[in-house]
Amino acid sequence: MQPDAADVWEGEDSADPCPVESPSAERGSAAASTSREGRAVVSAVVRQARKRHWEVLAVSSFVVVMALALQVLPDQQHVAFRGFTHYPMPHLCMSRVWFGMRCPGCGLTRSIIHLAHADWRASLHAHRLGWMMAAVIAFQLPYRVFALRWADRPVFGPRACTAIAFAIIGLLIGNWLFDLALHRSVFESNPRFPFWF
């Protein structure tokens, strides 16, 4: 007896190796894939943020320790480790070393060291904005610890951090120009460039 055509059709349907998924199942699969990709991106961003926080925390801690370990020598131009005043450290500013010209940041190191030893007057004399930079560095310690604990909830966004950085740079340059306006020379005696003096 020949099988009925309807039975043959149903048998083919039931044996279909590639059943067509319903639209709702396709949407669910796409949503799950998008969710996994989104979590992966967020995880990568958090890891990068945590790395940055660790770097800034390490640098800030190093600056604080060095400020306490160093002292400004009587000439007010060099610094040395406490107890090793006969071995002054070289100038770190290449503009000052190579061209005999102070840059907008010259004096910040000495200013912060003076602040670490509670000498406010000497700090202001070394650099007018040393207190501001010291405050920024000191703020990094609790802020970065907090940020490491809650790296997925940043307090300051990228735009805010960029705005703060540009504001600090602008203040340093403005302070440098203010010294120029007061006819304070930004040049220092340097035997390699005697024509400047």
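Here is the figure for the range 60-75: residues that are over 13 Å from HIS117 (Cβ atoms) and surrounded by fewer than 14 Cβ atoms within 10 Å (Cβ to Cβ) total 4. In the range 56-75, the residues that are under 14 Å from THR109 (Cβ atoms) and modelled with pLDDT of 95 or more never reach a residue that is acidic (Asp, Glu) and not in a helix (DSSP H, G or I) with C-beta atoms less than 7 angstrom apart, at least six apart or across chains. So, in the range 112-131, of the ones that are part of a helix (DSSP H, G or I) and small (Gly, Ala, Ser), which residue ends up farthest from LEU171 (Cα to Cα)? The qualifying residue farthest from LEU171 (Cα to Cα) is ALA116.
Can you go through ARG184, ARG192, ARG96 and tell me which one is within 29 Å of GLU55 (Cα to Cα) and modelled with pLDDT under 95?
Numbers: ARG184 fails: within 29 Å of GLU55 (Cα to Cα); ARG192 fails: within 29 Å of GLU55 (Cα to Cα).
Of the residues listed, the single one that is within 29 Å of GLU55 (Cα to Cα) and modelled with pLDDT under 95 is ARG96.
A Cβ distance below 7 Å, combined with a sequence gap of six or more or placement on separate chains, defines the contacts here; from the range 115-140, residues that are polar (S, T, N, Q) reach residues that are assigned to a helix (DSSP H, G or I) in the pairs SER123/SER111; SER123/HIS114; SER123/LEU115; SER123/GLY130; SER123/TRP131; GLN140/VAL56; GLN140/LEU57; GLN140/SER60. Among the candidates GLY105, GLY83, the residue that is assigned to a loop (DSSP other than H, G, I, E, B) and buried (at least 18 other Cβ atoms within 10 Å of the Cβ) is uniquely GLY105. For the range 86-102, taking the residues that are within 28 Å of the chain's Cα centre (by Cα) and farther than 19 Å from VAL72 by Cα, the one that is surrounded by the most Cβ atoms within 10 Å (Cβ to Cβ) is identified as MET101.
The values are calculated or read from the model by the stated rules, or taken from the named source; none is laboratory data. Predicted model only: the values in this text are computed from it and were never measured. Heads up, the Cβs are rebuilt from the backbone with ideal geometry, glycines too, and the neighbour counts pull from every protein chain shown.
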